[in-house]
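Pasting a structure below so you can have a look.
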């Protein structure tokens with residue numbers, strides 16, 4: 001699609017500037033603004049094995065460093081409470097948040113004690129869909145998200161997930177066993193693997209329907225420089241030439257059973273907790289090594305070093321190590337993307353937030369989307385998307401997260417040699 005190629009090229013240029021962070025020793029988080037709602041993001045960066053396509057901050061699991069990390073994480077959460085924040089929702093991501101279920105439970109209970117939490121979302125992997133992990137979370141978690149990626153055994157082997165998590169049929173059985181136990185059971189999938197066929201993709205959709213999950217998210221395969229070689233060795237070189245066709249195929253196959261909740265999340269019924277917290281919450285605060293925050297028009301990134309993270313928290317300092325303030329225009333572009341990714345931009349809310357109508361504040365962006373046939377509803381009150389427009393938002397978010405992944409690559413490149421050895425060699429796990 002020509003519009004997608006033009007959009008991708010423009011976003012890659014913009015991201016090189018907008019996603020550049022300045023590391024500073026004196027970074028501090030601002031206090032909350034009265035009347036604003038915030039989400040708390042909690043990052044757990046441990047996995048039993050590291051997937052070749054993943055750019056998130058993650059380390060090979062070792063129990064002692066992980067337990068030390070969780071203690072520091074709870075101390076940081078207490079520091080955030082002392083700063084005056086009161087969160088209504090928390091999202092626990094990773095890594096694998098359920099890697100130590102007793103530590104996770106203690107952390108979630110602390111969060112509920114400190115804040116007026118109404119919604120808890122937590123990620124996991126298929127091998128943790130067992131009673132020892134699921135049972136303690138049923139009363140604590142409303143949205144449980146399982147990283148499946150594909151039910152195709154051939155792809156699972158290429159991704160080094162078959163031995164870890166079992167076959168597609170085994171994963172399906174585990175999902176069916178926990179379906180109905182959470183308000184929202186989301187299954188994370190990936191489409192546009194180099195060796196994925198359309199037939200395989202459509203079979204994945206049928207497996208989702210049979211799983212009992214009431215929500216699914218189909219991410220396009222996203223790359224960064226650090227994982228590109230590993231991807232080429234395992235699943236092949238990534239190409240976007242067929243991405244639109246695959247997206248249309250999966251949307252058509254889901255229709256009737258699921259409806260779009262965002263450009264890449266689909267729910268069985270309206271009102272589900274959606275997959276991307278950045279749609280519902282304009283600002284969020286991240287705790288844990290490698291977490292991001294977006295507060296008062298600035299992005300903050302926490303140190304990627306486990307050792308530095310532990311030292312900062314022990315010394316009573318927040319883990320934020322880099323900050324990037326954004327201009328009014330950058331903030332408008334970010335909100336434009338996030339609102340449309342959530343399928344609706346409220347023009348009156350946009351004008352109230354930024355002091356200018358979206359048509360005037362982002363004249364070129366709105367004109368491009370109109371020319372591309374992206375808007376379904378375009379009146380005085382809101383903008384909504386056509387199916388073509390939804391795909392353009394998929395491409396936008398793909399490039400946004402790819403840009404964030406490249407920043408993660410830079411942060412990992414700056415790690416101390418002993419921690420880089422843990423990630424890329426045979427180093428000994430570092431203490432947190």
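Read-outs throughout are calculated quantities, based only on the coordinates presented, and are distinct from any laboratory measurement. Just so it is clear, the model here is predicted, and its values are computed rather than measured. Cβ placement follows ideal geometry from the backbone for every residue including glycine, while neighbour counts extend to all protein chains displayed.
Take the alpha carbon atoms of the range 276-310, find their center, do the same for the range 345-375, and report the distance between the two centers in whole angstrom.
Between the Cα centres of the range 276-310 and the range 345-375 lies a distance of 27 Å.
In addition: So if each residue of separation counts as 0.36 nm, and I subtract the Cα-Cα distance between residue 33 and residue 237, what length gain in nm does that give? Provide the component values of the computation, followed by the final result.
Details: separation 204, 0.36 × 204 = 73.44 nm, distance 4.53 nm.
So the chain would gain 68.9 nm between residue 33 and residue 237.
Hey, another quick one. When the gyration tensor of the range 328-385 is built from Cα positions, what are the square roots of 5 times its three eigenvalues, in whole Å, from largest to smallest? Show your work: numbers first, answer last.
Working: eigenvalues 51, 29, 23 Å².
Over the Cα atoms of the range 328-385, the ellipsoid semi-axes are 16, 12, 11 Å.
Considering Cα pairs under 8 angstrom that are at least six residues apart, work out the relative contact order of the range 328-385 and quote it in whole percent. Walk me through the numbers before you get to the answer.
Working: 53 pairs, mean separation 22.6, N = 58.
It comes to 39 percent, rounded to a whole number.
Among 189-197, 208-216, how do they line up by average Cβ neighbours within 10 Å per residue, starting with the highest?
208-216, 189-197
Would you compute the Debye intensity of the range 61-179 from its alpha-carbon atoms alone, equal scatterers and no solvent, and pass along log10 I(q)/I(0) at q = 0.16, 0.17, 0.18, 0.23 Å⁻¹ to two decimals?
-0.81, -0.89, -0.97, -1.32
Continuing with the same structure: Report relative contact order for the range 22-281 in percent, whole number only (criteria: Cα-Cα under 8 Å, sequence separation at least 6).
The value is 17 percent.
So for the range 113-266, averaging the separation of alpha carbon pairs under 8 Å that are six or more residues apart and normalising by length, what relative contact order in percent results?
So the answer I get is 22 percent.
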